[in-house]
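Visitor: Attaching a single structure in structure tokens format; questions to follow.
The values are calculated or read from the model by the stated rules, or taken from the named source; none is laboratory data. Source: prediction; values computed, not measured. Here the Cβ positions follow ideal geometry from the backbone for every residue, glycine too, while neighbour counts run over all protein chains shown. These accessible areas exclude ligands, DNA and RNA; they are computed on the full protein's heavy atoms, side chains included. Shrake-Rupley method; radii C 1.70, N 1.55, O 1.52, S 1.80 Å.
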Amino acid sequence: MSTSKIGKWLWIGSAIGFLVFLLMNVAPMLQGNDPEAAAAHVADRNEAAAAAEAFVRSRIGQDAELRSLAMYAADRDVFGYFYAQETIADVQERFAASFPLEAYRVEVEDAGTGAKHWVDINPYTGKAAEWELSIAGDPVPTDRLEAIGRETIRELGWSGSEPELLRADEETGEASFGLADAAFGEASATVDVRVDALGVGALVVRWSVPESYAARIADQDAKSSALGLIGLLLSGALQFAAFIYALVQVGSVRWNRGVLMALVFGVFYCAMNVNMYPGLKATMLDVLNGGDYAGLAELDGGGAIAGMIGAIIVTNAFTLALAIGLYFSAVAGDKLSAGLGYRVWPMPDDAGYGSHVASAVKLGYLYAPILLGIQSILFLFAEQSFRTWYTIDALSSPNNMAYPLLAPVLAWCAAVSEEAVYRLFAIPALQLLFAWPLGWALKPLGASKRTVGAAALVLAVLVSSMIWALGHVQYPIYPYYTRFAEVTALGLLFAFLFLRHGFLAAIFAHAVVDLIWFGISVVSTAPTAGGFAAFAFFLATPALVALAVRRGRKDRPAAPVG
């Protein structure tokens, strides 16, 4: 393991990787060529809530006392269909201002009457795009119902062909219109309106994708769910094995290893689970993935709140279990790695520990651009080979966080936990596991003990990377095996970093990579001064960690590292 020498080729590779990453990912965003967004959001969650309240007051009276909660929702299947058909850029450019595929869905409650209203705020305009108001007036004639419906659709900014009247019911005041445009392909959009003497009380857009695409996505999701479950079980098995090994070696393991990491992971991740409250409520109200307003007004508010509190408790209990698994992975991995001769994780009281941390941080910053550049090339290869397409995952979006600027905290949680489980413990554990059968199989060939060990290490690195990759197959990228292949390849790179430069270097590189991706996701939709400041702060946190360690201790001379 070496963290002290950084050659010129690493600097050159880092510069090249960073350039590749900028050209393939950042440049299209800056040039407005990102197909995932028509433009930056002009409204955030809080501004959307205020806009929804203003809209409701304009309909029910300015004196109404209102309280609201904004959630981020997206037409996942429709967005994915347009991306797969390579028409998403055209659809977004032409219709995002009138009929967006994403919105802030705001629950507005009248404190006086208890009535609940629902308003979708267009993130690109800050104006109401859909709504369902709990108000009703006298019915209007059918011809007037049709005319008001068409007029409202035009006022929203519809620029396609004339809406087709599908049905009109004077008794209920409801009418449906079909919207057609060549860019939709086989997808379709229907606008349902409810009109009475008080105005348009409801306007809901319902998107539909072809049955063939819906069936394809259902099959993909089922397979990714199955693989994700296998990955979860294998990951759980690894952490349980670490627990058993630590107990068996109770007298020789160092029980102080990983305590701080487990505490940081558990506390921060539990806090982020609470921070995802808007996303959790959106899920429980079934407004994600193109959901509509059906049945929302009849929900029991108290029951919904109790359900969300229960869900947060269960989620945090699972998170704490992961923190415990992280801790035992660190304890057992430390022992196993040392037993195999890997000097990957010095003790805080070792000579030169502060310098080791500083070098690990520097290596993390240098290797991260290389990893990002390789990842960008893997994405390009996947697009060309697998015809990859994407969609929006509203639940995991920073837009569904109470405090989206805190999203990069998850980068640290992922880096610490995944490197502990899949590198520090899994690699030496699997190497020992594979060594015996490989030795038995290769013995007739005259293979040396060193050759068997090397073969077992290669197999351990590959299998641990594949198990890690299984936990990423349920991301909103299709085909489902795209991320499996990409993350497996990244796992091999992180394993090289771990074995060559140590556990801390792998953690810092992993953190920097994820900090950059999380930071981009925050500032790309809302490029505000606060967003860029938060991005810069979190990106600097590895350096701040190194600075804190160096100032907190006086190093003894470090022993040479090889």
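Visitor: Check region 242-254 and report whether any residue there is open to solvent by less than 50 Å² (accessible area, probe 1.4 Å), outside any helix (DSSP H, G or I), touching a residue at least 24 places away in the same chain (Cβ under 8 Å) and over 30 Å from R76 (Cα atoms).
Guide: Yes, there is a match, as at least one residue in region 242-254 is open to solvent by less than 50 Å² (accessible area, probe 1.4 Å), outside any helix (DSSP H, G or I), touching a residue at least 24 places away in the same chain (Cβ under 8 Å) and over 30 Å from R76 (Cα atoms).
Listed here are the residues, each with its yes/no results for (1) open to solvent by less than 50 Å² (accessible area, probe 1.4 Å); (2) over 34 Å from the mean Cα position of the chain (by Cα).
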site	(1), (2)
L438	yes, yes
A447	yes, yes
V458	no, no
V461	yes, no
I467	yes, no
V473	yes, no
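Visitor: Follow-up. Which residue pairs have Cβ atoms closer than 9 Å, lie 6 or more positions apart in sequence or on different chains, and pair a first residue in region 422-435 that is touching a residue at least 40 places away in the same chain (Cβ under 8 Å) with a second residue that is buried (at least 24 other Cβ atoms within 10 Å of the Cβ) and among the acidic types (D, E)?
Guide: L424/D334; F425/D334
Visitor: Under 7 Å between Cβ atoms, at least 6 apart or on separate chains: pull out the pairs that start in region 201-229 with a residue that is farther than 30 Å from W158 by Cα and open to solvent by less than 50 Å² (accessible area, probe 1.4 Å) and end on any residue that is part of a helix (DSSP H, G or I) and not aromatic (F, W, Y).
Guide: Between residues of region 201-229 that are farther than 30 Å from W158 by Cα and open to solvent by less than 50 Å² (accessible area, probe 1.4 Å) and residues that are part of a helix (DSSP H, G or I) and not aromatic (F, W, Y), the close pairs are G228/L470.
Visitor: Do the conditions hold for A50, that is, is it assigned to a helix (DSSP H, G or I), over 27 Å from L372 (Cα atoms), modelled with pLDDT of 90 or more and not polar (S, T, N, Q)?
Guide: Criteria met by A50.
Visitor: Sticking with this structure for a sec: Among the residues of region 124-151, how many are open to solvent by 40 Å² or more (accessible area, probe 1.4 Å) and more than 30 Å from R45 (Cα to Cα)?
Guide: Looking only at that region, the number is 8.
Visitor: Shifting gears a bit: Would you check if L363 is among the hydrophobic types (A, V, I, L, M, F, W, C), closer than 20 Å to A420 by Cα and open to solvent by less than 50 Å² (accessible area, probe 1.4 Å)?
Guide: Taking the combined requirement at face value, the residue satisfies it.
Visitor: Within region 332-352, can you find the residues that are part of a helix (DSSP H, G or I) and open to solvent by 30 Å² or more (accessible area, probe 1.4 Å)?
Guide: Correct list: K335, A338, G339.
Visitor: When you look at A536, is it open to solvent by 10 Å² or more (accessible area, probe 1.4 Å), within 21 Å of the chain's Cα centre (by Cα) and among the small types (G, A, S), yes or no?
Guide: Judged against the criteria, A536 is a match.
Visitor: Identify all residues within region 313-326 that are β-branched (V, I, T) and open to solvent by 30 Å² or more (accessible area, probe 1.4 Å); write none if there are none.
Guide: I313, V314, T315, I324
Visitor: Still on this structure: Mind listing whichever residues of region 91-123 are more than 23 Å from G201 (Cβ to Cβ) and crowded, with 21+ Cβ neighbours inside 10 Å?
Guide: Once the filter is applied, which keeps residues that are more than 23 Å from G201 (Cβ to Cβ) and crowded, with 21+ Cβ neighbours inside 10 Å, region 91-123 yields V91, Q92, F95, L101, E102, P123.
Visitor: Restricting region 77-90 to residues that are buried (at least 23 other Cβ atoms within 10 Å of the Cβ) and closer than 19 Å to A40 by Cα, which is nearest to the chain's Cα centre (by Cα)?
Guide: Per the stated criteria, the residue is F79.
Visitor: Moving on to the next point. Kindly indicate whether S329 is at pLDDT 95 or above, within 29 Å of R45 (Cβ to Cβ), buried (at least 22 other Cβ atoms within 10 Å of the Cβ) and not aliphatic (A, V, I, L, M).
Guide: Considered against the rule, which asks whether it is at pLDDT 95 or above, within 29 Å of R45 (Cβ to Cβ), buried (at least 22 other Cβ atoms within 10 Å of the Cβ) and not aliphatic (A, V, I, L, M), S329 comes out as no.
Visitor: Taking the conditions exactly as written (assigned to a helix (DSSP H, G or I), modelled with pLDDT of 90 or more and polar (S, T, N, Q)), does S355 satisfy them or not?
Guide: Criteria not met by S355.
Visitor: Turning to a different aspect of this structure: For region 390-434, give me the residue count where each residue is open to solvent by less than 30 Å² (accessible area, probe 1.4 Å) and either in a helix (DSSP H, G or I) or among the hydroxyl-bearing types (S, T, Y) (or both).
Guide: 25
Visitor: Considering each residue of region 53-90, count those that are touching a Ser or Thr at 6+ places or on another chain (Cβ under 6 Å), part of a strand (DSSP E or B) and either within 13 Å of W207 (Cα to Cα) or aliphatic (A, V, I, L, M) (or both), and give that number.
Guide: The qualifying residues number 0.
Visitor: Keeping to region 152-187, report how many residues are within 27 Å of T87 (Cα to Cα) and open to solvent by 50 Å² or more (accessible area, probe 1.4 Å).
Guide: Matching residues across region 152-187 total 12.
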